[in-house]
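The values are calculated or read from the model by the stated rules, or taken from the named source; none is laboratory data. For clarity, every value in this text was computed on a predicted model and none was experimentally measured. Every residue, glycine as well, gets a Cβ built from its backbone with ideal geometry; the counts of neighbours run over all protein chains shown. Accessible surface areas use protein heavy atoms only, side chains included; no ligands, DNA or RNA. Shrake-Rupley method; radii C 1.70, N 1.55, O 1.52, S 1.80 Å.
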Amino acid sequence: LGMTEDTIYSIYTVLGKSTKRGDNTTNGSLGFGSKAYSTVCDQMTVTSVKDGVKVVVVCYKDRTGMLAADTKSVTQTDQGNGTVVSIPVKLNEVELWQETAAKVLGAFRVPHEVNSFGEYEDTFNSMQDLCNQVRQEGTVFLHNNSRLTNSLRNSKYVLMGDVIYELPDFSTLLPNLSIKDTIKSIALGGFYMTSFNIGDLDHAPSRESISYDDQTFFRVKTRVKQDSIKRLREFESKLGNLQ
């Protein structure tokens, strides 16, 4: 949609404020994602066109570590509305960015335009297929080998909207039954991802993992228990008594 100069400043220099707060139709709510550049570099450039006005703003951390921004230019243009965020990347980290982007963007329902995932094009396609399967089936518990699942082995995730969140301390979610150790062993060698709607669960401020507040913990634990027992029964039907 593009942003005015005032909008850019209100979004990129204010921490904890979000235009998506309370909106369960799209990703985001804490206002942290737009400042994530500061974890990998000291500044980035935001170029935005809004209704015939093109604004170029450099966003950065000042000497005290606070978020700041400077306007470099404001010009008239016939370009269409839209925004480009440019983040400098160290050359020796390009491959890491490509791999990470393939995994993160593969979870989105609407594909992004990307110039290249490099050697990780298959990773992107596999993640896209995997997340579509999770959305259709509700949960995927895999043990088959692929480049993607091998890299995610012993990983447990929640897919909420277009974002993948890690499930911390997975063992606390397992049913406290005599089969708990067996299920833990099955999960150790596999990959687990389950799907929830945006707003069903709370996430940690870092957005890297699910928050274990009482309501979220109960909902996830109930899902994991159901999925684990179902998966165990599938193994037993093929292999006999796993005890």
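Summed over the stretch 172-231, the residues that are at pLDDT 85 or above, of a type in the set (Asp, Glu), open to solvent by 50 Å² or more (accessible area, probe 1.4 Å) and part of a helix (DSSP H, G or I) give a count of 1. Could we say that Ala101 is surrounded by 15 or more Cβ atoms within 10 Å (Cβ to Cβ), out of contact with any His (no Cβ under 7 Å at 6 or more places or on another chain), modelled with pLDDT of 90 or more and assigned to a helix (DSSP H, G or I) here? So Ala101 fits the description; yes. One residue stands out among those in the stretch 44-79 that are open to solvent by 70 Å² or more (accessible area, probe 1.4 Å) and touching a Gly at 6+ places or on another chain (Cβ under 8 Å): the one that is nearest to Leu1 (Cα to Cα), which is Asp51. Within the stretch 189-203, the set of residues being within 22 Å of the chain's Cα centre (by Cα), under 18 Å from Thr172 (Cα atoms) and in contact (Cβ under 8 Å) with a residue 24 or more places away in the chain comprises Gly190, Phe191, Tyr192, Met193, Thr194, Leu201, His203.
In the stretch 53-98, what residues are among the charged types (D, E, K, R) and assigned to a helix (DSSP H, G or I)?
Selection gives Glu93, Glu95.
Of the residues making up the stretch 117-129, none is open to solvent by 30 Å² or more (accessible area, probe 1.4 Å), part of a loop (DSSP other than H, G, I, E, B) and modelled with pLDDT of 90 or more.
Applying the selection to the stretch 180-204, what residues are under 18 Å from Arg233 (Cβ atoms) and touching a Ser or Thr at 6+ places or on another chain (Cβ under 9 Å)? Steps first, answer last, please.
Filtering the stretch 180-204 down to residues under 18 Å from Arg233 (Cβ atoms) leaves 180-187, 189-190, 192, 194.
Answer for the stretch 180-204, where residues must be under 18 Å from Arg233 (Cβ atoms) and touching a Ser or Thr at 6+ places or on another chain (Cβ under 9 Å): Lys180, Ile183, Lys184, Ile186, Ala187, Gly190, Tyr192, Thr194.
Residue pairs whose Cβ atoms lie under 9 Å apart, separated by 6 or more positions or on different chains, with the first residue in the stretch 65-86 and more than 18 Å from Gly52 (Cβ to Cβ) and the second of a type in the set (Lys, Arg) and open to solvent by less than 60 Å² (accessible area, probe 1.4 Å), are Leu67/Lys35.
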